[in-house]
Amino acid sequence: VAGAGTALWLQTRGRSRERQYIRRLEEAQGYLHQHIDSLDALLHKLTDVYRSGLTGTGPESKEELCQTILSYACHILHMAKGSVWLPGKQGMLSVICTEGFAPHEVGEVECRVGDGVVGRVAETGKSLYVEDMRTDTRFMRDPTPPLESRLMACVPLRVKGRVLGVLL
């Protein structure tokens, strides 16, 4: 009788382990499907970037190049609005082009390298993420009229490791 009880216990334990393995495999399978979907989305984005390099003879001016980069970035990243900032006179960063902004929302905006979010990104070469522009002390301007979005991501535009501008 003791041998039969032990055999039954081993069988039950074996089924329990089998269920655990199946559950773990299903979890891993779900995890892999998520990553495959993420990789597929990234592939589509990279394909869009590649195609952008194949269109036409290319932009004729710095402003046109920046507008092309910004348009593709907004499309690829599903951003409703964006802007490109480049250094100009006396090292001041100014808006070269915008996407999705009304003219009164941007105006003649400039900032020094090191000041505000855009200036810090230009200075450090590191991206910044702002969760609420209305309360973040790094955001220099009091948004008037109030901005629709509170979130903001700001990334450096680099060529050969050198920061040439900022994408906001």
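For the range 13-33, the condition of being under 17 Å from the mean Cα position of the chain (by Cα) and either modelled with pLDDT of 80 or more or of a type outside the set (Val, Ile, Thr) (or both) holds for none of the residues.
Restricting attention to the range 43-84, and to residues there that are in a loop (DSSP other than H, G, I, E, B) and open to solvent by 90 Å² or more (accessible area, probe 1.4 Å), which single residue is modelled with the lowest pLDDT?
Step one: list which residues in the range 43-84 are in a loop (DSSP other than H, G, I, E, B), which gives 55-61, 78-81.
If we keep only those that are open to solvent by 90 Å² or more (accessible area, probe 1.4 Å) as well, we get 57, 60, 78.
Details: THR57: 51, GLU60: 65, HIS78: 78.
Once the filter is applied, the top-ranked residue is THR57.
Scanning the range 130-150 for residues that are open to solvent by 100 Å² or more (accessible area, probe 1.4 Å), of a type outside the set (D, E, K, R) and modelled with pLDDT of 70 or more yields one hit, THR135. Looking only at the range 109-129, decide whether some residue is modelled with pLDDT under 85, farther than 15 Å from VAL166 by Cα and open to solvent by less than 70 Å² (accessible area, probe 1.4 Å). The answer is no, given that none of the residues of the range 109-129 is modelled with pLDDT under 85, farther than 15 Å from VAL166 by Cα and open to solvent by less than 70 Å² (accessible area, probe 1.4 Å).
The values are calculated or read from the model by the stated rules, or taken from the named source; none is laboratory data. Keep in mind that this is a model prediction, so the values were computed, not measured. Side chains are part of the model used for accessible areas, which takes the heavy atoms of the whole protein and leaves out ligands, DNA and RNA. Shrake-Rupley method; radii C 1.70, N 1.55, O 1.52, S 1.80 Å.
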